[in-house]
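J.: Supplied in structure tokens, the structure appears directly below.
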Amino acid sequence: MNIKLFFEAVLKFLLGVVLVGVLIFAPAGSFGYTRGWLLMGILFIPMLLGGIVMMVKNPKLLKSRLDAKEKAREQDTVIKLSGLMFICGFALAGLGFRFGFYTLPKWASIVGVALFLLSYVMFAEVLRENTYLSRTIKVEEGQSVVDTGMYGVVRHPMYSATLLLFLSMPIVLGSLYSFIIFLAYPFIIAKRIKHEEELLEAELVGYKEYKQKVKYRLIPFIW
């Protein structure tokens, strides 16, 4: 086992738990925000299990997933906008609990949990199909175009999974206003996809042909 990678993964996981917890429960003013705990559970328990699996079976993939530092200025902007979206969305959900803003019914949160877990399944399948996936945009030595499975339906199935993942979060939290904030994500990710495809066309052999074969980027029959 790579001890350095292990401790890096554990540290980032714990920091993520603390950060999300603060963003949700500090505005809520209480640890009694049940839907906040529900989101924390379905977010971090599968993340922990997935991290353990990658540590054992594919530490190289885990390392690439932990690397979140973007070199391109355009992508750094995308990361910052996404971060702002999360801060505002989670804080608004917490404030909604504290001050009684319009809250979605309990059944909506159950639907949100189902959608969230479905997105995790999609994400896991994408990682299985494409072991070159990283959190930053780059082309690695020996990388080839993947055009099977979910990649035969849309060109960026990982972003399709994250779209479902992120839009289900405010539903789990029961916050309509937070959901409105998270609607910014499709527009944020569209900017990232545009830049990523420019790089892949220039550096990944066969990507232009792949674009002709698979027409849709994110959502089948829509875009």
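The values are calculated or read from the model by the stated rules, or taken from the named source; none is laboratory data. Predicted model, so just to flag it, every value in this text is computed and none were measured. Methodologically, a virtual Cβ is constructed for each residue, glycine included, from the backbone with ideal geometry; neighbour enumeration extends over all protein chains shown.
J.: Counting only residues that are farther than 18 Å from residue 150 by Cα, in contact with a Pro (Cβ under 9 Å, 6 or more places away or on another chain) and of a type in the set (D, E, K, R), give me the helices (runs of 4 or more DSSP H) lying completely in the stretch 160-217 with at least 1 of them.
T.: By residue number, no helices (runs of 4 or more DSSP H) qualify.
J.: Now, a different point. Surrounded by 17 or more Cβ atoms within 10 Å (Cβ to Cβ), more than 18 Å from residue 93 (Cα to Cα) and in contact with a Ser or Thr (Cβ under 8 Å, 6 or more places away or on another chain), is that true of residue 158?
T.: No: the conditions fail for residue 158.
J.: While we're here: Count, please, the residues in the stretch 208-223 that happen to be in contact (Cβ under 8 Å) with a residue 60 or more places away in the chain and either closer than 17 Å to residue 78 by Cβ or in contact with a Lys or Arg (Cβ under 9 Å, 6 or more places away or on another chain) (or both).
T.: Residues that pass the stated criteria total 5.
J.: List, please: which pairs have Cβ atoms under 6 Å, are six or more places apart or on different chains, and start with a residue in the stretch 23-48 that is touching a residue at least 12 places away in the same chain (Cβ under 8 Å) and end with one that is among the charged types (D, E, K, R)?
T.: Note: pairs meeting the criteria are 28/98; 29/98.
J.: For residue 36, all conditions in the list (1) at pLDDT 80 or above; (2) under 25 Å from residue 191 (Cβ atoms); (3) of a type in the set (Gly, Ala, Ser); (4) surrounded by 14 or more Cβ atoms within 10 Å (Cβ to Cβ) hold save one; what is the number of the exception?
T.: Of the numbered conditions (1) at pLDDT 80 or above; (2) under 25 Å from residue 191 (Cβ atoms); (3) of a type in the set (Gly, Ala, Ser); (4) surrounded by 14 or more Cβ atoms within 10 Å (Cβ to Cβ), the odd one out for residue 36 is (2).
J.: Scan the stretch 166-192 for residues that are within 15 Å of residue 82 (Cβ to Cβ) and surrounded by fewer than 20 Cβ atoms within 10 Å (Cβ to Cβ) and jot them down.
T.: 167, 183, 184, 186, 187, 188, 190, 191 - these are the residues of the stretch 166-192 that are within 15 Å of residue 82 (Cβ to Cβ) and surrounded by fewer than 20 Cβ atoms within 10 Å (Cβ to Cβ).
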